[in-house]
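What follows is a set of notes on a single structure, which appears directly below.
The values are calculated or read from the model by the stated rules, or taken from the named source; none is laboratory data. Remember, predicted model here, so these are calculated numbers, not experimental data. We place every Cβ from the backbone using ideal geometry, glycine too, and count neighbours over all the protein chains shown.
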Amino acid sequence: MVKLGLSLEGIATSLDLEEGLARRLALIADEVRVPIDCDADIVSARQKGRELASQCGFPTTDLAVIATAISELARNIVRYAVHGDVLVRLVEADGKRGIEVTASDDGPGIADITLALQDGYSTSGGLGLGLPGTRRLMDEFELLSDFGKGTKVTVRRWKR
């Protein structure tokens, strides 16, 4: 029941309760998709992925690893494809719980996947550590690319 003459402080408290409810509902989500178009989206994907991994119970060191992998995959979308998305979701398999990150785009694709997975190789003048580094950081790594049509990279990290 709301009384007339409710103070502004009371209204602010009501808004805080609504935000708290939104946060609780967000904890129920088991996946998040982030469109990637610019550098700010990389930060958003990294933060949202880290939050989801934290909800799954990953330790702090794994949270940093997962966030780094998300950043690398999202940065490749901005650098090479201009637009794509990152899907982060909680997964279970063979009694294990973990997190899966899928970065996909409709960009130019990768002409030579074997070469792209070698340390130091880059077509953009970077250090060439993104894909090979991500592969080392995560427990599972899958890369599908259709040259001229796009790329999809899926990585998984399992709770230990």
In this structure, does residue 104 turn out to be under 19 Å from residue 36 (Cβ atoms), part of a helix (DSSP H, G or I), among the polar types (S, T, N, Q) and modelled with pLDDT of 95 or more? no
Residue hits (segment 25-67; at pLDDT below 95 and either part of a helix (DSSP H, G or I) or crowded, with 22+ Cβ neighbours inside 10 Å (or both)) are 25, 26, 27, 28, 55, 56
Scanning segment 73-92 for residues that are surrounded by 22 or more Cβ atoms within 10 Å (Cβ to Cβ) and in a helix (DSSP H, G or I) gives 73, 74, 76, 77
Please work out if residue 61 is under 16 Å from residue 145 (Cβ atoms) and either free of Cβ contacts under 8 Å to residues at least 40 places away in the same chain or under 8 Å from the mean Cα position of the chain (by Cα) (or both). no
